[in-house]
Amino acid sequence: MKIEETFYLGYTSKVHGKNGELVVKLDVDQPNAYKKLESVFIRINKMDNQLVPFFVTKTTLQNNNTVVIKLDGVENVDEAKSLVAKEVYLPLNTLPPLTGNKFYFHEVVGFAVEDLHKGNLGTINQVLEYPHQAVLEIISPDNKEILIPVSDDFIVEVNREKQLIKTNAPEGLIDIYLDV
């Protein structure tokens, strides 16, 4: 499976026990949603765009955003050690659907953005993830970059059918990018 068809679940942090189990440090909002994994995809080589599938025979959710997994075919500590410090992914189609103004960052790339006061702003090029705030990177019709924080205060509507996000950006924010 290609990495573009997946989302990042976390990484293998260490071997657990003597039977080749691995501890996966989860990078998700709701760890409980991943307590019964059937399979995972692991990025063996950091430079690869291809992921290797593994069936999961056992999962044990820990209380510190980790899950201990037993992979089919990984039977001992030495085999498991070769999979430590590797990125773990799941297919995009395993994500639960979101409704209303909540969205996954990957799903809104290509959506049009319309501000209540400024009108058509352009198209979302990507969502930039910073430590304290995610930001919509919008490319305007005249090829200028506009950055709007992903915030419930600014996102008014997400219309998946029309692939449109309506915003109510703070006064002056958009003007910074458009030299108005």
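Things to note:
- In the stretch 115-142, residue least open to solvent (accessible area, probe 1.4 Å) [restricted to those that are closer than 28 Å to Asp29 by Cα and among the acidic types (Asp, Glu)]: Glu137
- Scanning the stretch 30-43 for residues that are open to solvent by 70 Å² or more (accessible area, probe 1.4 Å), over 16 Å from the mean Cα position of the chain (by Cα) and under 15 Å from Asn65 (Cβ atoms) returns Asn32, Lys35.
- Of the residues making up the stretch 117-163, those that are closer than 16 Å to Asp175 by Cα, in contact (Cβ under 8 Å) with a residue 40 or more places away in the chain and in a loop (DSSP other than H, G, I, E, B) number 2.
- Residues satisfying the stated conditions in the stretch 30-43, i.e. assigned to a loop (DSSP other than H, G, I, E, B) and closer than 12 Å to Tyr89 by Cα: Leu37
- Of residues in the stretch 2-29 being in a loop (DSSP other than H, G, I, E, B) and at positive phi, the one most open to solvent (accessible area, probe 1.4 Å): Gly17
- Residue list for the stretch 102-114, restricted to those being part of a helix (DSSP H, G or I) and open to solvent by 60 Å² or more (accessible area, probe 1.4 Å): Phe105, His106
- Per-region count, the stretch 73-100, residues of a type in the set (A, V, I, L, M, F, W, C), farther than 30 Å from Leu164 by Cβ and buried (at least 16 other Cβ atoms within 10 Å of the Cβ): 4
- Restricting attention to the stretch 73-101, the residues that are in contact with a Lys or Arg (Cβ under 8 Å, 6 or more places away or on another chain) and either of a type in the set (Lys, Arg) or part of a loop (DSSP other than H, G, I, E, B) (or both) add up to 3.
- Which listed residue is in a strand (DSSP E or B) and open to solvent by 60 Å² or more (accessible area, probe 1.4 Å), from Lys70, Lys46, Lys58: Lys58
- Count of residues meeting criterion [under 16 Å from Glu157 (Cα atoms), acidic (Asp, Glu) and in contact with a strand residue (DSSP E or B) (Cβ under 6 Å, 6 or more places away or on another chain)] in the stretch 98-137: 2
The values are calculated or read from the model by the stated rules, or taken from the named source; none is laboratory data. Predicted model, so just to flag it, every value in this text is computed and none were measured. Cβ: placed from backbone, ideal geometry, glycine included. Neighbour counts: every protein chain shown. Heavy atoms of the whole protein, side chains included, go into the accessibility calculation; ligands, DNA and RNA do not. Shrake-Rupley method; radii C 1.70, N 1.55, O 1.52, S 1.80 Å.
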